[in-house]
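The values are calculated or read from the model by the stated rules, or taken from the named source; none is laboratory data. Computed from a prediction, not measured in an experiment: that's the story for all the values here. Don't worry about glycine lacking a Cβ; one is built from the backbone with ideal geometry, like all the others, and counts go over all protein chains shown. The area values use the complete protein model at the heavy-atom level, side chains included, leaving out ligands, DNA and RNA. Shrake-Rupley method; radii C 1.70, N 1.55, O 1.52, S 1.80 Å.
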Amino acid sequence: MLEMDNLKKDWKTAHREKGYINAEGQVVTSTKFIEDGAICESKWFKLPKEKRILFIAREARNDDGKKFWLRDIADGINNPNDINYRKYLRYIGHIYDCLLNQNGKVNTINPEKDDDSYKEMLKNIAYMNLNKLGGVEARMGKESIKFLDDYVERYSEFILREIDILNPEYIVCLGKFKKWTGEYVEYCLKEKEY
């Protein structure tokens, strides 16, 4: 999709020009950019709005800037015996299932749904990392919060553009951290209603 491609191009340019604040308080530029968005764009943009769920996390776990981990899971590229892979696949799939197929009613993960069923569900979602540089979880304590605070402030216009392009009905904020992911999303959406 052209709008999303233009956004990614602009965001990458901003990484090179605006950079980020490192632990020493210096501005550092980067060519790193971790892709995210609709897991399967051809499906996402055909879905009616009421079936669009956007999952938002603070950052990608990898920092190589070369892969979209959740898309790899949906495509079956990741190691299916990896416990984190299966746990995350089922976690996201279960939330999707509760929102769209069970009218928000929460129950335990359906044991009859196998990994392939959850992979198919994933192809109908969008996933977004607030921080497109990745790898910040390696930083400890206040440095992580300070980094993410600065990143979200510097790049909030891009975060908002991505949410607008994806146009979800639901936004699910993921992760446990000293500062809840939802606080960052609320900051970016302060003038919008979702």
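Right, LYS142: modelled with pLDDT under 75 and either buried (at least 19 other Cβ atoms within 10 Å of the Cβ) or part of a loop (DSSP other than H, G, I, E, B) (or both) or not? Judged against the criteria, LYS142 is not a match. Within the range 1-15, being touching a helix residue (DSSP H, G or I) at 6+ places or on another chain (Cβ under 6 Å) and surrounded by 15 or more Cβ atoms within 10 Å (Cβ to Cβ) holds for MET4, LEU7, TRP11. Note on the range 145-165: among residues that are at pLDDT 85 or above, of a type in the set (A, V, I, L, M) and over 12 Å from the mean Cα position of the chain (by Cα), the one that is least open to solvent (accessible area, probe 1.4 Å) is VAL152. The single condition among (1) within 26 Å of ARG90 (Cβ to Cβ); (2) open to solvent by less than 80 Å² (accessible area, probe 1.4 Å); (3) modelled with pLDDT of 75 or more; (4) not basic (Lys, Arg) that VAL136 does not meet is (3).
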